[in-house]
Amino acid sequence: MIQRILGIDPGTHHMGYGLIDVHNWEGRYVTAGVLNAKRTLSLGERLHHIHTKLLHVVEAWRPEVIAIEEPFVPIEAATRGGPKANIRSAIAVGQAQAIALMVAAHYHLPVFRYAPTLVKSAVSGYGQGSKDQVATMVGLLLNLPTRPGSTDASDALAVALCYIQQEHLKTLTE
């Protein structure tokens, strides 16, 4: 049986998405891209725009599962009064994540959420891997002729690959 996974790298300006078909725990690249919203739009307008585009992606590609990267707030920013920009950024990513959750609920799709360090570790073997390392490994793992064109798209594919790895690990430990 083939299962289609939609990986999401949430953002309020650029939301990466990546679709992978899975058969016998092997992933096959389907498509990936970025849903863009103009920076000149208000936050509400950007979220609405991304929501509409994500609905179209799900309608067109019919995934069976959605895997989403969780927002990340560095501990020092949360505990020592660090840069407020980090916290604001995490809140914005959380709002974009909520859009993906709403789309999943609209189509009655199961959702799996993963921390950025787990996603990076799943594809690069190192939870602190750079975006460049993640993009390179995504290309290698999916046998792509070139790396995905955008870090948002490669991050979304990495989230889908993380789902495959985590679900496979569950079957091995049951």
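The values are calculated or read from the model by the stated rules, or taken from the named source; none is laboratory data. Nothing here was measured: the structure is a model prediction, and the numbers come from that model. Don't worry about glycine lacking a Cβ; one is built from the backbone with ideal geometry, like all the others, and counts go over all protein chains shown.
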In this structure, does Glu70 turn out to be of a type outside the set (S, T, N, Q) and modelled with pLDDT of 95 or more? no
Give me the residue from the stretch 112-128 that is among the hydroxyl-bearing types (Ser, Thr, Tyr) and surrounded by 14 or more Cβ atoms within 10 Å (Cβ to Cβ) and, out of that set, nearest to Gln3 (Cα to Cα). Tyr114
Consider the stretch 4-47. How many of its residues are part of a helix (DSSP H, G or I) and in contact (Cβ under 8 Å) with a residue 12 or more places away in the chain? 3
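Return the residue satisfying two criteria in turn: it lies in the stretch 7-58 and is in contact with a Ser or Thr (Cβ under 6 Å, 6 or more places away or on another chain) and under 28 Å from Gln166 (Cβ atoms), and of such residues it is surrounded by the fewest Cβ atoms within 10 Å (Cβ to Cβ).
The residue in question is Val34.
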Just for the stretch 73-88: of the residues that are at pLDDT 60 or above and among the β-branched types (Val, Ile, Thr), which one is farthest from Thr31 (Cα to Cα)? Ile87
Please determine, by comparing only the residues of the stretch 87-111 that are farther than 13 Å from Thr52 by Cα and among the β-branched types (Val, Ile, Thr), which one is surrounded by the fewest Cβ atoms within 10 Å (Cβ to Cβ). Ile91
Using beta carbons and a limit of 6 Å, which pairs, at least six apart or on different chains, have the first residue in the stretch 156-174 and closer than 16 Å to Leu141 by Cβ and the second one crowded, with 24+ Cβ neighbours inside 10 Å and aromatic (Phe, Trp, Tyr)? Ala156/Tyr17
Exactly one condition in (1) part of a helix (DSSP H, G or I); (2) closer than 23 Å to Trp61 by Cβ is not met by Arg113; state its number. (1)
Of the residues Leu144, Leu157, which is part of a loop (DSSP other than H, G, I, E, B), under 27 Å from His13 (Cα atoms) and modelled with pLDDT of 90 or more? Leu144
